Amino acid sequence: MSNTNQLGLPLLQPVQAQKHVTVNGALMRLDGLVELTLASRSLPTPPGVVADGVCYGVPFGAVNEWAGQDGKIAIGSNGGWDFATPKRGWRAMILDEGAQALFDGTLWREGMVTLSPNNAGMSFQVAEIDHVISAGPVSTTAVLIPSNAVVFGATARVVTAITGTLANWALGNPGAVGRYGSGIGKATGAWARGVLGQPTAFYAPEVMQLNATGGDFAGGVVRIAVHYMEIALPDQ
């Protein structure tokens, strides 16, 4: 055997010359795979500058130095790339998505906390947006809640002060004004933490809705995050 089974670390061989090369290669591989973080899993083209120990999930159809390495982990090593094959059950933090993911043997599954032998499972997710407030009494976001999701709550923070004639504002959904908080301030840094007493299922995609109290919105930016759960179907 020339490599270990789990991480593919190169093993020293009897009467091997330049043992330090093999040992250093194994250490570089460990440096990338232990406490695994993936800078991204969606870049089809390798970055121009290779940083030692930085890892990427190679997407299907990748090109240049990653061509033919679909589904593998690319580890920056000595100005080039070392490739590792992830195994079912590995976990990674995907930095550009801000989410943990579980490898099912083929794909990285974002937010998965359970995984059946046939890939049914449960995932916890957060959807975040910087919402630019439109003028008027009500401002709605793009769709943040996917269909068939169970929402536990929402959080928000004012990142650019809210202007207008309003006294304060509320965060909710259409038909449920203030579901996640009301009386929220307008100044930069004002926040809301809306934990639902009973998790709510949404069977169709849904937006978030901001309602002005005592006047109208004129502008501002609010960072909104929705915290929810989804369940995945088993494979055929």
- Computed [θ] at 222 nm, deg cm²/dmol, the chain (DSSP H ≥ 4; -39,500 (n - 2.57); rounded to nearest 500): -2000 deg cm²/dmol
- Query: Quick one: what does P(r) look like for segment 89-213 with 10 Å bins over all Cα pairs, in whole %?
  - Reply: 12, 37, 29, 16, 6, 0
- Under a cut-off of 17 Å between alpha-carbon atoms, report the aspartates and glutamates in cross-link reach of Lys87, not counting same-chain residues fewer than 8 places apart. Glu35, Asp70, Asp104, Glu110
- Query: By DSSP, what percent of the beta bridges with both residues in the chain are antiparallel, rounded to the nearest 5?
  - Reply: 95
- Query: Looking at segment 141-236, which chymotrypsin sites (Phe, Trp or Tyr not before Pro) are in a loop (DSSP not H, G, I, E or B) and have at most 10 other Cβ atoms within 10 Å?
  - Reply: Tyr203
- Note on the structure: tail above 27 Å in the computed P(r) of segment 1-132, as % of all Cα-Cα pairs, reads 26
- Message: Please report, in whole Å³, the volume per residue of the convex hull around the C-alpha atoms of segment 140-236.
- Response: 97
- Task: Work out the length of the dipole vector of the chain about its Cα centre, built from +1 on the beta-carbon of each Lys and Arg and -1 on the beta-carbon of each Asp and Glu, and round it to the nearest 20 debye.
- Result: 360
- The alpha-carbon center of segment 1-25 and that of segment 47-93 are separated, in whole Å, by 20
- Cα gyration tensor category, rounded, prolate or oblate, for segment 64-142 with a/c compared to 1.5: oblate
- Message: Rounded, prolate or oblate, given the Cα gyration tensor of segment 22-65, with a/c below 1.5 counting as rounded?
- Response: prolate
- Task: Rank Gly48, Gly136, Gly71 by mean-square fluctuation in a GNM of the chain with C-alpha springs under 10 angstrom and give only the top-ranked residue.
- Result: Gly48
- Within straight-line cross-link reach of Lys186, aspartates and glutamates at Cα separation under 17 Å, skipping those fewer than 8 residues along the same chain: Asp130, Asp216
- What do you get when you divide the Cα radius of gyration of the chain by 2.2 N^0.38 Å, with N the number of residues? 1.33
- segment 1-79: chymotrypsin sites (Phe, Trp or Tyr not before Pro) falling in loop per DSSP and having at most 12 other Cβ within 10 Å: Phe60
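Read the figures in this text as sums done on the coordinates, not as results from a lab. Remember, predicted model here, so these are calculated numbers, not experimental data. Every residue, glycine as well, gets a Cβ built from its backbone with ideal geometry; the counts of neighbours run over all protein chains shown.
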